[in-house]
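Chemist: Okay, here's the structure, questions in a sec.
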Amino acid sequence: MKKLNRKEFQDKLRQARKITVLTGAGVSAESGVPTFRDAGGLWRRYKATDLASPEAWQRDPGLVWEFYNHRRAVAHTCKPNEGHLALARLEARFREAGRTFTLITQNVDGLHEAAGSERVVRLHGSLWQVRCLQCAEVTWNHTVPITPAFEGSGSPDPEFVARRFETTDLPQCHCGGVIRPHIVWFGERLSRADLDAAEEAVDGCDLMLVIGTSAVVYPAAGYVPIARRLGAVVAEVNVEPSAVNNECSAFFKGKAGEVLPSLLGVRLA
Ligand SMILES: [Zn+2]
């Protein structure tokens, strides 16, 4: 497929009525957020599945919370980059123009929200949301450390002598139940509500932007061919072409923070 050039893409962007953006770890990496694998690799050499799965939680919820407490502490120090900010500005312009903008992200670090993005579908949950195992309530929680008991815990140093956490140390809901990270763990299903919101955003969008994701993980990987089939212009912004590049109508090589501000900074038609 012949790719659109920059000006041709921007003409499509100016005229778009419904835009859907799909972002992945590449956008966060520019803000210094370690990828999950990096965090897991450093994190005392546990396998990711030993920290982020229902089995891990069953075995040792204190260890799981220690890991997430560490990830929250790291993410807490990271700031949105120019890529996050350019997307939030584009959303604001679309909203003012009465058009539809939805951002679907595989990231859990909250940087899109921190940049000002409002309509965000978090496919994999959020580091900043927790869920009660008793009453099932999902709430925002930005407290670092998650409870005083976790103060100073979570060092990724393999030599660090971890303390064993008791059930009474675990963070609690106002109902008295134990709360867990509202994150989709290995072996868990994505939430139906989030999938519905994502599918609704993909259905009938006239422009899709795929940014900083290898687009090999479903369901996100499936959204590009669906959007294409429905006639959308799909543009990829990545440091390297992803697995879906040959399905994309345009490709802009580079980091989101460097490419997006000028690429998206157009006046809407
Ligand atoms: Zn509760």
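The values are calculated or read from the model by the stated rules, or taken from the named source; none is laboratory data. Nothing here was measured: the structure is a model prediction, and the numbers come from that model. Cβ sites come from the backbone with ideal geometry, for glycine too, and all protein chains shown count toward neighbours. Remember, those area values only see protein heavy atoms, side chains included, never the ligands or the DNA or RNA. Shrake-Rupley method; radii C 1.70, N 1.55, O 1.52, S 1.80 Å.
Chemist: Consider the stretch 221-248. How many of its residues are touching a helix residue (DSSP H, G or I) at 6+ places or on another chain (Cβ under 8 Å), of a type in the set (A, V, I, L, M) and more than 20 Å from Asp11 (Cα to Cα)?
Modeler: Residues flagged as touching a helix residue (DSSP H, G or I) at 6+ places or on another chain (Cβ under 8 Å), of a type in the set (A, V, I, L, M) and more than 20 Å from Asp11 (Cα to Cα) within the stretch 221-248 amount to 5.
Chemist: Do any strands (runs of 3 or more DSSP E) lying entirely in the stretch 97-203 carry at least 1 residues that are within 16 Å of the ligand (Cβ to nearest atom) and out of contact with any His (no Cβ under 8 Å at 6 or more places or on another chain), and which ones are they? Explain how you work it out, then say what you get.
Modeler: Working: elements: 100-105, 120-122, 125-132, 138-140, 179-183.
Qualifying strands (runs of 3 or more DSSP E): 125-132, 138-140, 179-183.
Yes/no matrix, rows are residues, columns are (1) aromatic (Phe, Trp, Tyr); (2) open to solvent by less than 60 Å² (accessible area, probe 1.4 Å):
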site: Trp185; (1), (2): yes, yes
site: Arg189; (1), (2): no, no
site: Glu200; (1), (2): no, no
site: Asp203; (1), (2): no, no
site: Asp206; (1), (2): no, yes
site: Val217; (1), (2): no, no
site: Pro225; (1), (2): no, yes
site: Leu230; (1), (2): no, no
site: Ala235; (1), (2): no, yes
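Chemist: Quick one: in the stretch 140-183, which of the residues that are polar (S, T, N, Q) and closer than 14 Å to Asp60 by Cβ is surrounded by the most Cβ atoms within 10 Å (Cβ to Cβ)?
Modeler: In the first step, residues of the stretch 140-183 are kept if they are polar (S, T, N, Q); the result is 141, 143, 147, 153, 155, 167-168, 172.
Then keep just the ones that are closer than 14 Å to Asp60 by Cβ; that gives 153, 167.
Working: Ser153: 21, Thr167: 9.
In this case the residue turns out to be Ser153.
Chemist: Being at pLDDT 95 or above and more than 16 Å from Leu170 (Cβ to Cβ) is the filter here, so list the residues in the stretch 53-73 that pass it.
Modeler: Passing the criteria: Ser53, Glu55.
Chemist: If the Cβ limit is 8 Å and pairs must be 6+ apart or interchain, which residue in the stretch 2-20 that is more than 21 Å from Tyr223 (Cα to Cα) pairs with which residue that is open to solvent by 90 Å² or more (accessible area, probe 1.4 Å) and among the charged types (D, E, K, R)?
Modeler: Going by the 8 Å Cβ cut-off, the qualifying pairs are Arg14/Arg267.
Chemist: While we're on this one: Residue check, Glu240 against (1) open to solvent by less than 40 Å² (accessible area, probe 1.4 Å); (2) more than 16 Å from the chain's Cα centre (by Cα); (3) not aromatic (Phe, Trp, Tyr), all met but one. Which one?
Modeler: Evaluating Glu240 over (1) open to solvent by less than 40 Å² (accessible area, probe 1.4 Å); (2) more than 16 Å from the chain's Cα centre (by Cα); (3) not aromatic (Phe, Trp, Tyr) leaves (1) as the failure.
Chemist: With the checklist (1) more than 16 Å from the ligand (Cβ to nearest atom); (2) among the hydrophobic types (A, V, I, L, M, F, W, C); (3) over 30 Å from Leu268 (Cβ atoms); (4) out of contact with any strand residue (DSSP E or B) (no Cβ under 9 Å at 6 or more places or on another chain) in hand, flag the one item Val64 doesn't pass.
Modeler: Tallying (1) more than 16 Å from the ligand (Cβ to nearest atom); (2) among the hydrophobic types (A, V, I, L, M, F, W, C); (3) over 30 Å from Leu268 (Cβ atoms); (4) out of contact with any strand residue (DSSP E or B) (no Cβ under 9 Å at 6 or more places or on another chain), Val64 fails exactly one: (4).
Chemist: Considering only residues that are part of a helix (DSSP H, G or I), free of Cβ contacts under 8 Å to residues at least 12 places away in the same chain and not basic (Lys, Arg), which ones fall in the stretch 211-269? Before the answer, list the steps.
Modeler: Within the stretch 211-269, the first condition is being part of a helix (DSSP H, G or I), and the residues that meet it are 220-229, 245-247, 256-264.
Pick out the ones that are also free of Cβ contacts under 8 Å to residues at least 12 places away in the same chain and you get 222, 229, 245, 262.
Across the stretch 211-269, the qualifying residues are Gly222, Asn245, Ser262.
Chemist: Let me ask you something else. Determine whether Ala250 is under 24 Å from Ala115 (Cα atoms), open to solvent by less than 10 Å² (accessible area, probe 1.4 Å) and modelled with pLDDT of 95 or more.
Modeler: Spelling it out, it is not the case that Ala250 is under 24 Å from Ala115 (Cα atoms), open to solvent by less than 10 Å² (accessible area, probe 1.4 Å) and modelled with pLDDT of 95 or more.
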